[in-house]
Amino acid sequence: MNASFVIIVPTYQECNNLPELWIRIQKAAPQAHLLIVDDASGDGTPEWIQSQPQFNHSLFLLKRPQKMGLGSAYLAGFEWAIQKEYYALLQMDADLSHDPEAIPLFLKKLETPVDLVLGSRYREGVRVLNWPISRLLLSLGAAAYVQKLTRMPFTDPTSGYKAIRISALKQINRSQIKSNGYGFQIEVTHHFWRKKMRIEEIPIIFEGRHTGESKMSTGIAREAFWLVIKLFFR
Ligand SMILES: Nc1nc2c(ncn2[C@@H]2O[C@H](COP(=O)(O)OP(=O)(O)OP(=O)(O)O)[C@@H](O)[C@H]2O)c(=O)[nH]1
Ligand SMILES: [Mg+2]
């Protein structure tokens, strides 16, 4: 087994954010490997990655031919990490919403017997910066909706900042995971929860994106809405 862990970041047009993200990751966790799963961003993202001295040493690129969604990008990254035999993976967004300084907190948690560590914006208070109140209310409403219907007790089920132990990931039926947006985060956690795996939350600070375009859409929210109904009946 690979003694190291890998951070998986899906990207679509995030070239303005990646250099700062990579610097901050290396500062917070010098041993980190980073895998970018890029969906043919036309903004120079793959070229920037390939030009870095760490390319194919600690910085890796999985290129996909077109924009195919966040969920399938993560699933491709999961298979890559399993194949490379990392002991754990961390997932985070490229837009600097997730502070790399929290990486050591996830790693510390992974030293305890836990399979999935959820970074929560809403545990022990609300820690969301630079978001309009409407978006915050939507996110809090979605969290309450997921808790009520699925009975999962987690405070922030749509959070994309989380750590997964690979030995546990191998045991869940990944081919069943179909959601591509926020629903993806809910669905992955639900798989771990149904298998009675060990899940813990840690508080994180979240900051809304400053640059680059949002990929959030009503389609993504709709997909998550119907997924939760499906999980209720499951
Ligand atoms: N590979 C890949 N990455 C994607 C795709 N859609 C979104 N992403 C990435 O997934 C992460 C989360 O997407 P965001 O656009 O930040 O979504 P969000 O956080 O809900 O919304 P904003 O922060 O408001 O933009 C970012 O790193 C995106 O670049 C996609 O289709 N393919
Ligand atoms: Mg974002």
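Bridge orientation summary for the chain: considering DSSP beta bridges with both residues in this region, about 25 percent are antiparallel. Evaluating 6.51 cos²θ - 1.76 cosθ + 1.60 at θ = phi - 60° for every residue in segment 25-38, the Karplus couplings come out as 5, 5, 5, 6, 8, x, 7, 5, 9, 10, 10, 9, 9, 10 Hz, glycine and proline recorded as x. For GLU201, the residues whose amide H sits under 5 Å from its own are LEU118, ignoring neighbours fewer than 5 places away on the same chain, with H placed 1.01 Å from N. Suppose R0 equals 22 Å. What FRET efficiency, 1/(1 + (r/R0)^6) with r the Cβ-Cβ distance, do LYS67 and GLU20 give to the nearest 0.05? Efficiency computed from Cβ-Cβ geometry: 0.45.
Under the criterion of Cα pairs below 8 Å and six or more residues apart, the relative contact order for segment 5-233 equals 25 percent.
Where both bridge residues fall in segment 109-210, DSSP classifies roughly 30% of the beta bridges as antiparallel.
Remark on ASP156: its backbone amide H falls under 5 Å from none of the residues 5 or more positions apart or on other chains, H modelled at 1.01 Å from N. Going by accessible surface with a 1.4 Å probe and the largest first, LYS148, LYS63, LYS215 read LYS148, LYS63, LYS215.
Zone of ASN130 (label point 7 Å along Cα→Cβ, backbone N under 13 Å): which residues in segment 190-234? 206-214, by backbone N distance to the label point.
The values are calculated or read from the model by the stated rules, or taken from the named source; none is laboratory data. As the structure is a computational prediction, the values presented were derived from the model and not from experiment. Please note: Cβ atoms are built from the backbone with ideal geometry, for glycine as well, and neighbour counts cover all protein chains shown. Surface accessibility is based on the protein's heavy atoms, side chains included, excluding ligands, DNA and RNA. Shrake-Rupley method; radii C 1.70, N 1.55, O 1.52, S 1.80 Å.
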